[in-house]
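The values are calculated or read from the model by the stated rules, or taken from the named source; none is laboratory data. Note that this is a predicted model, so its numbers are computed, not measured. For neighbour counting, all protein chains shown are included, and Cβ atoms are generated from backbone atoms with ideal geometry for every residue, glycine included.
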Amino acid sequence: MSKNTQYLVSPDSLPIHLLFITQGDGQIRHGNQSALNMFGLSLTQLTALKFPELLHGKHAEIEDHFSAASLNQKVVQLKPNISNKHIWVELYANELMHENESCICVVLKEYSDSQLILSEFIQTNVLYQNLMRITPDAAFIIDLTGKIICSTTYGQTLFGYMHADDLAHTSIFDLLVPQEITRARKHFAQVLTGTEAGMQEYTAIRKTGQNFWLELNFGIIRQQDNTPKSIFLVARDISQRKKIETELQTQETHYRTLVESARSMILHMSPDGHILFVNKYAEEFFGFAPGELVGKHVMDTIVPEIETSTNRDLSQMIEEIFHDVNNYRININENIRKNGERVWVAWSNGAIFDAQGKLIEVCSVGNDVTEQRQAQHELAEAHNQLQLQYQEIHLLQEKLRDQATRDPLTNLFNRRYLEETLLREMARCEREKIPLAIVMIDIDYFKKTNDAFGHEAGDQILRSIAALLQNHTRDEDVVCRYGGEEFIAVLPGASLDQAQKRAEFWRSEFQSLDFTFDGIAHQATFSCGVSAYNQHGNNADTLIKLADDALYQAKSNGRNQVVIYPSTSTSIV
């Protein structure tokens, strides 16, 4: 509205709060009836005031010289002694003519409690604002009773709701299964008092009634006096992680059963010689109570200082074992029971390293060879048995580690491994100043194939594409099954053009494969989307999303083709 605009409707007839103030000093010239009702003042009382006199505390100091630009879209609090309650308003200001004089017309829009908290939250908490914007998890702002004030879009869809206000004023506790509510309320109260950490796991319930695992992480948003004002809550669906944990626990139980049922002594030791684990058979053999050996050094328990028959310094031998286990893969030495009895044990030793190649444990499997020490053929047989047992245990340990990162159907890496590896490869490519590209692959009409020929046919196609990718990728490439019929290939050192050509080669090779299901010949194809690090994005989520966008374009263009982000189709049959 320009300065010379005249209003054609009386301000007093409008159902909004209007004030007219002078520019500069903010003297109130007029207020409509709606504004008078809000302030509880007569027109005479109101026009005797300047605009800052209506405001509470620090808000009264917002400006020394008033203009429409300085007031527009500010959020302020009114004095409680004027309105008899705390009212927050947002100001909308413009210059116009009132009674033939230029002044500022101010519209006062009342703020609800939830709008106020959200507004202050966004204005004063830049960190939380960014978190609400970029977090891939469900994020909420809740009040001190647990009621939801606002949420991210994923926060709504996580629980099966479609609209932003569907969860408004809903208690976060009502989104949990009934048996979890008491524990959650207790945890919530402890977070507010600072006596408990903010993260816990619960069973939640979606709008459809489906239960799922949820990780809740509460963070307190504090006022200037450090008292709690509201809560920033991040909720994460951990159902898949809990499933993997259950599977790993099952494998761990299998491993423990194998170890405890073995008629051999099995020890796990730290690199400094302290016993970390010992099976029941070893405890019984050496005469110790359950758990008595754990935490103690082998030289203080089952290994004597000097070997009686050879006068060998066994403390030196133990040091050498932990210095280089490979020199003692098979070792026969004298041991000592708790009652002092000397026995001979044949040990098979193996090193366990962490992901960085650092020695973290030595696993030793032993058999009593006291009576057989003189019989070399029996000793050799015992050695073979020890070696087989060690290999079985070692293979099971490797299987446990591998299952956490492998897709069981295709034997490709899984999504969890991709998330870890992509970040690491991006950092390496940044350091070495080399390119990196990712290719997202999705099998065309996969559901129709499953419906027509059954899931065994679909599994055969998935295994075929996995084999093709494994046979036509480099050692440094990382190929993962991303989910369902989707695959992602991470190509360190590959430019966008090179990634396109490789994707096109895979597409062509896959198209040429012959499948026969139920006696019917079938041709399968896939589509690809390609994105490049730095060229299209500099974080993992963005790279994957843009490759997915390109893949979607490939699907829209008719499938069986490679598309580079943003929309360049490179092949089609």
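The figures follow:
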| item | result |
| --- | --- |
| Among the residues listed as Ala489, Ala499, Ala521, Ala503, the single one being among the aliphatic types (A, V, I, L, M) and surrounded by fewer than 22 Cβ atoms within 10 Å (Cβ to Cβ) | Ala521 |
| Any pair with Cβ under 9 angstrom, 6 or more apart, that starts in segment 510-521 at a residue that is of a type in the set (Gly, Ala, Ser) and ends at one that is not in a helix (DSSP H, G or I) | Ser512/Gln523; Ala521/Asp514; Ala521/Phe515 |
| Residues (over 14 Å from Pro271 (Cβ atoms) and assigned to a helix (DSSP H, G or I)) located in segment 300-327 | Asp300, Leu314, Ser315, Gln316, Met317, Asn326, Asn327 |
| Flag if Lys207 is in the same structural domain as Phe140 (by TED's automatic domain parsing) and either outside any loop (DSSP other than H, G, I, E, B) or surrounded by 15 or more Cβ atoms within 10 Å (Cβ to Cβ) (or both) | no |
| Complete set of residues in segment 404-415 that are loosely packed, with under 15 Cβ neighbours inside 10 Å and part of a helix (DSSP H, G or I) | none |
| All positions within segment 458-490 that are of a type outside the set (Asp, Glu), over 16 Å from Gln511 (Cα atoms) and more than 23 Å from the chain's Cα centre (by Cα) | Gln470, Thr473, Arg474 |
| Residue list for segment 278-288, filter: under 15 Å from Ile336 (Cα atoms) and hydrophobic (A, V, I, L, M, F, W, C) | Ala282, Phe285, Phe286, Phe288 |
| Residue that is farthest from Asp368 (Cα to Cα), among those in segment 330-349 that are charged (D, E, K, R) and surrounded by 14 or more Cβ atoms within 10 Å (Cβ to Cβ) | Lys338 |
| Residue match in segment 297-310 (condition: modelled with pLDDT of 85 or more and closer than 30 Å to Ala404 by Cα) | no |
| The one condition in (1) under 44 Å from the mean Cα position of the chain (by Cα); (2) under 14 Å from Lys338 (Cα atoms) that Leu267 fails to fulfil | (2) |
| Residue match in segment 419-432 (condition: more than 28 Å from Arg241 (Cβ to Cβ), over 26 Å from the mean Cα position of the chain (by Cα) and assigned by TED's automatic domain parsing to the domain that holds Phe510) | yes |
| Test: Thr152 is surrounded by fewer than 19 Cβ atoms within 10 Å (Cβ to Cβ) and of a type in the set (Val, Ile, Thr) | no |
| Residue match in segment 379-391 (condition: within 27 Å of Thr525 (Cα to Cα), of a type in the set (Phe, Trp, Tyr) and either in contact with a Phe, Trp or Tyr (Cβ under 6 Å, 6 or more places away or on another chain) or at pLDDT below 90 (or both)) | no |
| Glu180 within 29 Å of Lys545 (Cβ to Cβ) and at pLDDT 80 or above | no |
| Residue check, Thr195 more than 25 Å from the chain's Cα centre (by Cα), farther than 30 Å from Glu284 by Cβ and modelled with pLDDT of 80 or more | no |
| Selected residue [surrounded by 14 or more Cβ atoms within 10 Å (Cβ to Cβ), assigned by TED's automatic domain parsing to the domain that holds Asp324 and part of a loop (DSSP other than H, G, I, E, B)] from Glu283, Glu292 | Glu292 |
| Neighbours by Cβ (under 6 Å, 6+ apart or cross-chain): first from segment 527-541, at pLDDT 90 or above; second outside any helix (DSSP H, G or I) and among the hydroxyl-bearing types (Ser, Thr, Tyr) | Ser531/Tyr565; His536/Tyr565 |
| Residue among Ile465, Ile393, Ile441 that alone is under 19 Å from Asp548 (Cβ atoms) and part of a helix (DSSP H, G or I) | Ile465 |
| Selected residue [assigned by TED's automatic domain parsing to the domain that holds Lys186, modelled with pLDDT of 85 or more, closer than 30 Å to Ala189 by Cβ and not charged (D, E, K, R)] from Phe218, Phe232 | Phe218 |
| Failed condition for Ile488, given (1) hydrophobic (A, V, I, L, M, F, W, C); (2) farther than 24 Å from Tyr417 by Cβ; (3) not in a loop (DSSP other than H, G, I, E, B) | (2) |
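Residue by residue, here is whether (1) closer than 21 Å to Glu398 by Cβ; (2) surrounded by 11 or more Cβ atoms within 10 Å (Cβ to Cβ); (3) of a type in the set (Val, Ile, Thr); (4) in contact (Cβ under 8 Å) with a residue 24 or more places away in the chain holds:
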residue: Pro304; (1), (2), (3), (4): no, yes, no, yes
residue: Leu314; (1), (2), (3), (4): no, yes, no, no
residue: Phe322; (1), (2), (3), (4): no, yes, no, yes
residue: Ala351; (1), (2), (3), (4): yes, yes, no, yes
